[in-house]
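S.K.: Pasting a structure here, questions to come.
The values are calculated or read from the model by the stated rules, or taken from the named source; none is laboratory data. Every value quoted in this text rests on a predicted model; they were computed, and no experiment measured them. So basically every Cβ, Gly included, is an ideal-geometry build from the backbone, and we count neighbours across all protein chains shown. Side chains are part of the model used for accessible areas, which takes the heavy atoms of the whole protein and leaves out ligands, DNA and RNA. Shrake-Rupley method; radii C 1.70, N 1.55, O 1.52, S 1.80 Å.
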Amino acid sequence: MPTLIPRILVFAGSVRAGAFSAKVADVAQRELALAGAEVTRISLADYPLPILDEDLEREEGIPHAALQLARQILAHDGLLIASPEYNASLPPLLKNALDWVSRVRWNGNRAVRPFANKAAALCSASPGAFAGIRGLYHLRAVLMACGAEVITPQCAVAHAAKAFDDNGALVDAQEHNQMEILCRVLVERAAQITERTEP
Ligand SMILES: Cc1cc2nc3c(=O)[nH]c(=O)nc-3n(C[C@H](O)[C@H](O)[C@H](O)COP(=O)(O)O)c2cc1C
């Protein structure tokens, strides 16, 4: 049984005012704390990034915001991302942020791989019936390519305009249950990986 209190970074893949994915991230943030994690919540709005272009990268280097985001990930044991689905995939804001962070190889004079040995958990939200679940398969593949260990449970919230009560909690018992399981497994896995990989 892990004894370490894992640090989990939570963010949404949308910066839209009133974003459903941010509401799901709010639920996850509370649930992770209940599951015993130390939670940090960030917004990608605080990490503005140009569209990744290798010429730009060669000429100007890694943008400061990408380095800052990579440092946030490095400082945590795991991450939870709540994402919208755009055309059955992940939105460009999120893909671009992940791509930039994947280019970060150095933190000062220390060689780093920001996603290596990080447990990752995924949530989605959509106003539609399919809950954004197709996008999660793509997001899962991208994070795995970056070296993260994406856990199997996920939480997809359908009909998002009606999915939250006045306190911001999930109305649907099954979705609430999915979220509870997701957060519990993430906390356990993040603690296990850190205990295994850090002296
Ligand atoms: C370019 C674009 C593509 C979209 N494609 C999908 C889709 O494939 N599936 C879906 O459920 N919703 C889709 N939507 C609707 C989003 O789910 C909806 O705008 C949602 O509120 C966005 O997430 P957010 O509330 O977290 O910003 C799309 C929206 C946009 C702008």
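S.K.: Roughly speaking, to the nearest percent, how much of the chain's 1.4 Å accessible area is carbon and sulfur?
M.R.: Roughly 52 percent, rounded to a whole number.
S.K.: Size of the dipole of the chain about the Cα centre, Lys and Arg at +1 and Asp and Glu at -1 on the beta carbon, nothing else charged, in debye to 20?
M.R.: 240 debye
S.K.: Same structure, new question: Could you give the length gained on full extension between His138 and Thr3, defined as 0.36 nm per residue of separation minus the Cα-Cα distance, in nm?
M.R.: The span from His138 to Thr3 would gain 45.3 nm if fully extended.
S.K.: At a probe radius of 1.4 Å, what is the per-residue accessible area of Ile181, in Å² to the nearest 10?
M.R.: 60 Å²
S.K.: I'd like to check one number: the per residue accessible area of the chain, probe 1.4 Å, reported in Å² as a whole number.
M.R.: I get 50 Å² per residue for this part.
S.K.: So what's segment 73-199 giving for Cα Rg divided by 2.2 N^0.38 Å, two decimals?
M.R.: Against the empirical 2.2 N^0.38 Å value, I get 1.12 for segment 73-199.
S.K.: With runs of 4+ DSSP H residues as the only contributors, calculate the mean residue ellipticity of the chain at 222 nm using -39,500 (n - 2.57) per run, divided by the residue total and rounded to the nearest 500.
M.R.: So the helix-based figure for the chain works out to -13000 deg cm²/dmol.
S.K.: Using θ = phi - 60° and the Karplus curve 6.51 cos²θ - 1.76 cosθ + 1.60, what whole-Hz ³J(HN,Hα) does each residue of segment 40-49 get, with Gly and Pro shown as x?
M.R.: Along segment 40-49, the couplings run 10, 10, 10, 10, 5, 4, 8, 10, x, 9 Hz.
S.K.: Can I get the semi-axes of segment 159-199's equivalent ellipsoid? Compute them from the C-alpha gyration tensor as square roots of 5 times the eigenvalues, in angstrom, largest first.
M.R.: 32, 9, 7
S.K.: Once amide H atoms are placed 1.01 Å from N in the peptide plane, what residues at a sequence separation of 5 or more from Phe164, or on another chain, have their amide H within under 5 Å of its amide H?
M.R.: Val171
S.K.: Mind listing the long-range amide H neighbours of Arg113? Cut-off is under 5 Å, sequence gap 5 or more, other chains count too, H placed in the peptide plane at 1.01 Å from N.
M.R.: Correct list: empty.
S.K.: A further question follows. In whole Hz, with x marking every Gly and Pro, tabulate ³J(HN,Hα) for segment 29-35 from phi via Karplus 6.51 cos²θ - 1.76 cosθ + 1.60, θ = phi - 60°.
M.R.: Going residue by residue, I get 4, 5, 5, 5, 5, 5, 7 Hz, with x marking Gly and Pro.
S.K.: Tell me the label-point distance for the pair Leu56, His176, using the 7 Å Cα-to-Cβ offset, in nm and rounded to one decimal.
M.R.: Distance between the two pseudo-spin positions: 4.4 nm.
S.K.: For His159 and Gln68, compute 0.36 nm times the residue count separating them, minus their Cα-Cα distance, and round to one decimal in nm.
M.R.: So the chain would gain 29.3 nm between His159 and Gln68.
S.K.: Continuing with the same structure: Hey, can you grab everything whose amide H is under 5 Å from the amide H of Leu80? Only 5+ residues off in sequence or another chain; H modelled, so Pro and N-termini drop out.
M.R.: Leu9, Val10, Phe11, Ala121
S.K.: Right, something else. Using the Karplus equation 6.51 cos²θ - 1.76 cosθ + 1.60 (θ = phi - 60°), what ³J(HN,Hα) coupling, rounded to whole Hz, does each residue of segment 15-23 give in order, writing x for Gly and Pro?
M.R.: Each residue's phi maps through the Karplus curve to give 10, 4, 4, x, 4, 5, 5, 5, 5 Hz.
S.K.: Grab the other residues whose beta carbon is less than 11 angstrom from that of Leu52, score K and R as +1, D and E as -1, and report the net.
M.R.: My count for the surroundings of Leu52 gives -3.
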